[in-house]
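A.B. asks: This is the structure, below, for whatever I ask next.
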Amino acid sequence: MASLPASTQQLAITAFGEANTLQLQTSVLPEPQDDQVMVAVDFSSVNPIDAKTRAGLGWAAAQNQNNLPWVPGYDIAGHVAAVGDNVTHLVVGERVSGFIGFPLEGGAYSQYVNVAAADLSILPDNVSLQAAASLPLAGQTAWQALDKVKVNANDRVLILAGAGGVGHIAVQLAVAKQAQVFATGSADNQAFIEQLGATAIDYRQGELMEQVEPVDVLIDLMGGEVGLAALAAVKPGGRVVTIPTITADQVCQQAEALGLRAEGMLVSPNIEQNNAMLEMIAQGQLSVEVAVTYPLAEGVKAHQHIESGRTRGKVLLAVSNT
Ligand SMILES: NC(=O)c1ccc[n+]([C@@H]2O[C@H](COP(=O)([O-])OP(=O)(O)OC[C@H]3O[C@@H](n4cnc5c(N)ncnc54)[C@H](OP(=O)(O)O)[C@@H]3O)[C@@H](O)[C@H]2O)c1
């Protein structure tokens, strides 16, 4: 292990506030422990939770308020740089991806990171590092949301924000289950949503209940007023999962008052789900859209992009060329 890097570049939240509180830093990098792998990260992805935490909102921010600078990010794809003594199924140079440090540790905005070998997926040959970095948090959220509301063949499923990071994967997974899928987006995203296999609904063209017959299932990726308004489009007794945690209680209470079954959720890292979706990508059954890629050093722009609320697919950070 003599040639391993002793330090790593990272992009850290130095104080809670605007995106420009993100700054590059250099940190000491220990050798991987026996059950760990050191990953040379090629790409990390940016999720809305990263920006919310940077702004000082939510649980990860509360738990880390006395722990700044703190390195955000949960999605990595890269190459194995070194393996710990107990690791037998991964070799140096292998392409891997993972959903790491969720929710309190983060750490994916790093050139190198030590990760439990058990948390890493091996990439199929024809899956790009960009797709693999886009997938973990967003894909597992989409998968677990569909599981929560038990999406089945022939269910009529309405997905709010069907063009976003989670939404564009949720649409494809629901279509793969042979559900009848409706998804909201702006005029700019109608063709994209249709191409994913859903009926696109332009949320600026009037109330959803006037644009779609009542649905069995609502997957709410917006929350707040948008999520509350969408409840009117669900059949009596229908199932609702509301994903943004900050408004989940409010949406669930109103849903229950309307006679719907509603739950919030917090995604939980699951390597089997990651492996299954990587295989779907390899087989051409799932695709991941990358809206834009910024170098790690331009993470400020990446956060501003995700905070626009207009991302189609995912925002990536190119880490290795920092
Ligand atoms: N609880 C959990 O474990 C968990 C996990 C993952 C994500 N989340 C949360 O889930 C939410 C979605 O995450 P994400 O990564 O998918 O976000 P995202 O990628 O930032 O979503 C962007 C999308 O939202 C769409 N959008 C904006 N306003 C809309 C509206 N009024 N109606 C319909 N679509 C609209 C945009 O489409 P247009 O440009 O066409 O408007 C854009 O494509 C975030 O709040 C995130 O924090 C929670």
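A.B. asks: Ranked by accessible surface with a 1.4 Å probe, highest first, in what order do GLU279, GLU256, GLU289 come?
C.D. replies: GLU256, GLU279, GLU289
A.B. asks: While we're on this one: When the Cα centres of region 211-248 and region 22-54 are compared, how far apart do they sit, in Å?
C.D. replies: If you average the Cα positions of each part, the centres end up 34 Å apart.
A.B. asks: Report the GluC sites (Glu not before Pro) located in region 156-229 that are in a DSSP loop and have at most 14 other Cβ atoms inside 10 Å of their Cβ, or state none.
C.D. replies: Details: sites: GLU194, GLU207, GLU210, GLU225; in loops: GLU207.
Qualifying residues, ordered by number: GLU207.
A.B. asks: Among ALA77, ALA55, ALA276, whose mean-square fluctuation peaks in a Gaussian network model of the chain (Cα, cutoff 10 Å)?
C.D. replies: ALA276
A.B. asks: Sticking with this one: Relative to the compact globular guide of 2.2 N^0.38 Å, what is the alpha carbon radius of gyration of region 1-154, as a ratio?
C.D. replies: Details: Rg = 16.3 Å, N = 154, 2.2 N^0.38 = 14.9 Å.
Taking the Cα Rg and dividing by 2.2 N^0.38 Å, one obtains 1.09.
A.B. asks: Sticking with this structure for a sec: Hey, what did the chain get for relative contact order, percent, Cα under 8 Å, at least 6 apart? Provide the component values of the computation, followed by the final result.
C.D. replies: Numbers: 768 pairs, mean separation 61.1, N = 322.
Relative contact order here is 19 percent.
A.B. asks: Still on this model: Looking at region 133-169, which trypsin sites (Lys or Arg not before Pro) are in a loop (DSSP not H, G, I, E or B) and have at most 14 other Cβ atoms within 10 Å? Can you show the working numbers first?
C.D. replies: Details: sites: LYS148, LYS150, ARG156; in loops: LYS150.
Qualifying residues, ordered by number: LYS150.
A.B. asks: When all alpha-carbon pairs of region 69-216 are counted, what percent fall beyond 29 Å? Intermediate results must be reported in sequence, preceding the final value.
C.D. replies: Working: 3486 of 10878 pairs.
Of all Cα-Cα distances in region 69-216, 32 percent exceed 29 Å.
A.B. asks: Based on the alpha carbons, how large is the Rg to Rh ratio for the chain when Rh follows Kirkwood?
C.D. replies: Working: Rg = 19.7 Å, Rh = 20.0 Å.
So for the chain, dividing Rg by the Kirkwood Rh gives 0.99.
A.B. asks: Starting from a Cα-only point model with no solvent, please compute log10 I(q)/I(0) by Debye for region 142-217 at q = 0.20 1/Å.
C.D. replies: One equal scatterer on each Cα of region 142-217 leads to -0.75.
A.B. asks: Report in % the part of the accessible area of region 158-223 that belongs to carbon and sulfur, leaving out ligands and nucleic acids; probe 1.4 Å. Kindly include the intermediate steps, with their values, before the conclusion.
C.D. replies: Numbers: 1180 of 2580 Å².
Using a 1.4 Å probe with all protein chains present, region 158-223 comes out at 46 percent carbon and sulfur.
A.B. asks: Further question: Jot down the per residue volume, in cubic angstrom and as a whole number, of the convex hull over the alpha-carbon atoms of region 138-264.
C.D. replies: On the way: hull volume 10.7 nm³, N = 127.
With only Cα atoms used, region 138-264 gives 85 Å³ per residue.
A.B. asks: By its C-alpha gyration tensor, with a ≥ b ≥ c as the square roots of the eigenvalues, how is region 277-322 shaped: rounded for a/c under 1.5, else prolate for a/b larger than b/c, else oblate?
C.D. replies: On the way: a/c = 4.23, a/b = 1.64, b/c = 2.58.
It comes out oblate by the Cα gyration axes.
A.B. asks: Report the full-extension gain for the segment ASP85 to ASP202: residue separation times 0.36 nm, less the Cα-Cα distance, to one decimal in nm.
C.D. replies: On the way: separation 117, 0.36 × 117 = 42.12 nm, distance 5.41 nm.
So the extension gain works out to 36.7 nm.
A.B. asks: Going through region 266-320, which trypsin sites (Lys or Arg not before Pro) have at most 14 other Cβ atoms within 10 Å and a DSSP loop state?
C.D. replies: Working: sites: LYS301, ARG310, ARG312, LYS314; in loops: ARG310, ARG312.
Answer in residue order: ARG310.
A.B. asks: Could you give the semi-axes, largest first, of the ellipsoid that matches region 84-149, computed as the square roots of 5 times the alpha carbon gyration tensor eigenvalues and rounded to whole Å? Walk me through the numbers on the way to the answer.
C.D. replies: Working: eigenvalues 98, 48, 31 Å².
Over the Cα atoms of region 84-149, the ellipsoid semi-axes are 22, 15, 12 Å.
A.B. asks: Counting DSSP beta bridges in the chain, what percent are antiparallel, to the nearest 5?
C.D. replies: 60
A.B. asks: Per Stokes-Einstein, at 37 °C and 0.692 mPa s, what whole-number D in µm² s⁻¹ belongs to region 238-291, with the Kirkwood radius over Cα pairs as the hydrodynamic radius? Don't skip to the end; give the middle numbers.
C.D. replies: Numbers: Rh = 13.5 Å.
Taking Rh from Cα pairs, D becomes 242 µm²/s.
A.B. asks: Using the Kirkwood radius built from alpha carbon pairs, what does the Stokes-Einstein equation give as D for region 216-322 at 20 °C and 1.002 mPa s, in µm² per second?
C.D. replies: On the way: Rh = 16.4 Å.
In µm²/s, the coefficient rounds to 131.
The values are calculated or read from the model by the stated rules, or taken from the named source; none is laboratory data. Computed from a predicted model, the values in this text were never measured in an experiment. Cβ: placed from backbone, ideal geometry, glycine included. Neighbour counts: every protein chain shown. Side chains included, ligands, DNA and RNA excluded: accessible areas come from the protein's heavy atoms. Shrake-Rupley method; radii C 1.70, N 1.55, O 1.52, S 1.80 Å.
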